[in-house]
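What follows is calculated from the coordinates using simple rules that are stated; it is not laboratory data. Values in this document were obtained by computation on a predicted structure and should not be read as measured data. Using ideal geometry, Cβ is built from the backbone for each residue, glycine included, and neighbour counts are taken over all protein chains shown.
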Amino acid sequence: MQANIFMDKAFWTTVDRYIVAHLLPADSALEQAQAASAKAGLPDIAVSPNHGKLLYLLAKILGAKRILEIGTLGGYSTIWLARALAPGGSLITLEFDPKHADVARANIGQAGLGRVVQVRVGAALEVLPLLEAEGRGPFDVIFIDADKINTVPYFTWAMKLSHPGSLIIVDNVVRDGAVADAASTDASVQGMQRFYEAVKAEPRVDATAIQTVGIKGYDGMAILRVKDGA
Ligand code: SAH
Ligand code: DHB
Ligand code: MG
């Protein structure tokens, strides 16, 4: 197998499997979560195992004690992030679809994380003001991975619920490269283009984005850090 310009998802999947086989030990809680999510008919759009572990590593490196996730699905990324929590830490994850939330609660419980994870059901833009009113912030890590058209409002909330040094991670910021297509008519792509413009205009963060390929195709993640003194 040799790299060439015709590399595609099958090729990237083979390499992802190689990476996972060497670097990610077998993990029955995560495998069960994937299987239960598939069985319940949830879409196959959770982060890949190696990207889930990246989320875990970033939160662990930061020593995160409070984590916020926007977009739970079946709780796959939730489990990765919650496992990184420092002792006494907790994670709140927001999910619009009650069916997804039910599957996630079962998966999170099965992974032994029921006590540290709270799944809140509702439109995130309605739940986020409640979190603020309840004094839930600031969060050390915020993972934005819900409806892409609302990424800018989620980013605005992330800034409100963060502190200097907080890490904000945004999934799906490349979308097969469509994000660089100014003529794109895809509402999700346009949502991400507005997000890049918002970050460009936000002096309080240091940010980058990386393109990724693998079992979930060609996409990317943005990594932002709230600046010291912000
Ligand atoms: N983070 C998950 C994948 C999330 S998929 C993982 O990697 O494992 C996106 C999720 O966002 C879906 O479950 C979808 O129902 C949810 N969602 C969509 N619109 C939303 C909204 N307005 N508020 C909260 N969640 C929303
Ligand atoms: C979709 C959503 C995601 O969060 C993702 O990682 C991949 C795809 C989607 O809505 O198509
Ligand atoms: Mg995603």
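When only residues in the range 57-76 that are within 17 Å of residue 104 (Cβ to Cβ) and not aliphatic (A, V, I, L, M) count, which is nearest to ligand 2 (Cβ to nearest atom)?
Of everything passing the filter in the range 57-76, 71 is nearest to ligand 2 (Cβ to nearest atom).
Under 7 Å between Cβ atoms, which residue pairs at least 6 apart in sequence (or on different chains) link something in the range 150-176 that is over 28 Å from residue 213 (Cβ atoms) with a partner that is of a type in the set (Gly, Ala, Ser)?
161/137; 164/229; 164/230
Residue check: is residue 11 among the aromatic types (Phe, Trp, Tyr) and touching a residue at least 40 places away in the same chain (Cβ under 8 Å)?
Spelling it out, it is not the case that residue 11 is among the aromatic types (Phe, Trp, Tyr) and touching a residue at least 40 places away in the same chain (Cβ under 8 Å).
Quick one: which strands (runs of 3 or more DSSP E) lie wholly within the range 117-213 and hold at least 3 residues that are away from ligand 2 (no atom under 15 Å from the Cβ)?
Details: elements: 117-121, 141-144, 167-171.
Here the list reads 117-121.
Considering only residues that are free of Cβ contacts under 8 Å to residues at least 12 places away in the same chain and either among the small types (Gly, Ala, Ser) or in contact with a strand residue (DSSP E or B) (Cβ under 9 Å, 6 or more places away or on another chain) (or both), which ones fall in the range 177-191?
Result: 178, 180, 182, 183, 184.
State whether the residues of the range 158-173 include one that is polar (S, T, N, Q), touching a helix residue (DSSP H, G or I) at 6+ places or on another chain (Cβ under 7 Å) and within 16 Å of ligand 1 (Cβ to nearest atom).
Yes, because at least one residue in the range 158-173 is polar (S, T, N, Q), touching a helix residue (DSSP H, G or I) at 6+ places or on another chain (Cβ under 7 Å) and within 16 Å of ligand 1 (Cβ to nearest atom).
Have a look at 63, 88, 71, 114 and point out the one that is crowded, with 17+ Cβ neighbours inside 10 Å and over 16 Å from residue 215 (Cα atoms).
The match here is 71.
What is the one condition in (1) out of contact with any Lys or Arg (no Cβ under 6 Å at 6 or more places or on another chain); (2) away from ligand 1 (no atom under 12 Å from the Cβ); (3) among the hydrophobic types (A, V, I, L, M, F, W, C) that residue 46 does not satisfy?
(2)
Is it the case that some residue within the range 30-40 is of a type in the set (D, E, K, R), without any contact (Cβ under 8 Å) to a residue 40 or more places away in the chain and closer than 16 Å to residue 100 by Cβ?
Yes, the conditions are met somewhere in the range 30-40.
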